[in-house]
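Working notes for the structure below.
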Amino acid sequence: MEVSPDTLEWRDAYKLLIGSILPRPIAFVSTIDENGIANAAPFSFFTAICADPMLICFSPMRRGSDGAKKDTLVNIENTKQFVINIVSESMAKQMNDCAVEFAPEIDELQVTGLTKEPSVSVKVPRIKESLVHLECELYQVLDFGDQAGAGSLVIGKVLNIHVEDSLVHKGRIDTEKLQPIGRMAGHTYTNPLGKTFDIIRK
């Protein structure tokens, strides 16, 4: 099978992407608007860039119905701050509940029963139920179109890291205790610890 992306409607192209690039880690991004109302939304186009400076990135797509920017991106552009909350299996349902397109004036953390915890370096609250938080300031935004199916690359500089004490052993995070989940295609998620194996790099 050969497919030229230029011949595909964007939803079909999206299905090929999310069915091929997996499992994907989840950035559960908390932000605030200019009035201080909190927002939280999950994004599975998410990865690290480099360690010095410590940069991470995630990609919020444009809203599929009308091509508008999502609240997360609008808030980050206005406040220049956000927090990446790493998703453990124990909070998967509440994370998924935050994927609903709430009106901008709705506080998703309040609606879904998640707990706000003050951050150290940014005004944006972190999510207490998460075991790892990356407090970020906006480093750069790259926009790729303004139509439905388009998206942006949000690059954040990590200012502060919170890690639950029990997770850390000899400077490393214990993945089994973190129990992170990944996104598959459709409604499916995965626990990466279901089956793991080691390969020593030569």
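The values are calculated or read from the model by the stated rules, or taken from the named source; none is laboratory data. As the structure is a computational prediction, the values presented were derived from the model and not from experiment. Ideal geometry is used to build each Cβ from the backbone, glycine not excepted, and the neighbour counts take in all protein chains shown. Side chains included, ligands, DNA and RNA excluded: accessible areas come from the protein's heavy atoms. Shrake-Rupley method; radii C 1.70, N 1.55, O 1.52, S 1.80 Å.
Pull up all non-local amide H partners of Y189: gap of 5 or more, or a different chain, and H-to-H distance under 5 Å with H placed in the peptide plane.
Under 5 Å from the amide H of Y189 lie the amide H atoms of M184, each far enough along the sequence or on another chain.
Only Lys, Arg, Asp and Glu count, each charged at its Cβ (+1, +1, -1, -1), so figure out the dipole size of region 1-83 about its Cα centre, rounded to 20 debye.
160
Hull surface divided by four, with the convex hull built on the Cα atoms of region 130-173: how many nm²?
It is 4.6 nm².
Accessible area per residue for region 47-202 in Å², computed with a 1.4 Å probe and the full protein assembly in place, what is it?
It amounts to 59 Å² per residue over region 47-202.
From zero up to wherever the largest Cα-Cα distance of region 57-168 sits, split into 5 Å bins and tell me the percent of pairs in each.
Final binned percentages: 2, 11, 19, 22, 23, 15, 6, 1, 1.
From zero up to wherever the largest Cα-Cα distance of region 27-77 sits, split into 5 Å bins and tell me the percent of pairs in each.
Going from the shortest bin to the longest, the percentages are 5, 18, 25, 23, 18, 8, 3, 1.
Under a crude label model (7 Å from the Cα following the beta-carbon direction), how far is D66 from N35 in nanometres?
Inter-label distance under the simple model: 1.8 nm.
With each pseudo-label sitting 7 Å past Cα toward Cβ, what's the A148-R201 distance in nm, one decimal?
Each label point is offset 7 Å from its Cα along the Cβ direction, giving 4.2 nm.
Using a Gaussian network model of the chain with C-alpha springs under 10 Å, which one of R11, R24, R126 is most mobile by mean-square fluctuation?
R11
Residue by residue, what Karplus-based ³J(HN,Hα) values in Hz, rounded to whole numbers, does region 37-54 have, using 6.51, -1.76 and 1.60 with θ = phi - 60° and x for Gly and Pro?
For region 37-54, the Karplus curve yields 6, 7, 9, 9, 8, x, 9, 9, 9, 8, 6, 8, 10, 7, 9, 9, x, 7 Hz.
Which number comes out as Rg/Rh for the chain once both Rg and the Kirkwood Rh are worked out on C-alpha atoms?
Result: Rg/Rh = 0.96.
In deg cm²/dmol, rounded to 500, what helix-only [θ] at 222 nm does the chain give when every DSSP H run of at least 4 residues adds -39500 (n - 2.57) and the total is split over its residues?
That calculation yields -4500 deg cm²/dmol at 222 nm.
Can you give the Kirkwood hydrodynamic radius of region 1-55 from its Cα pairs, in Å with one decimal?
On the way: mean 1/r = 0.0697 Å⁻¹.
By the Kirkwood definition, the hydrodynamic radius is 14.3 Å.
Over 25 Å between Cα atoms: which of K70/K93; K177/K202; K70/K195; K123/K170 fall into that group? Write out the running numbers ahead of the final one.
Details: K70/K93 21 Å; K177/K202 29 Å; K70/K195 35 Å; K123/K170 31 Å.
In this structure, K177/K202; K70/K195; K123/K170 lie more than 25 Å apart at Cα.
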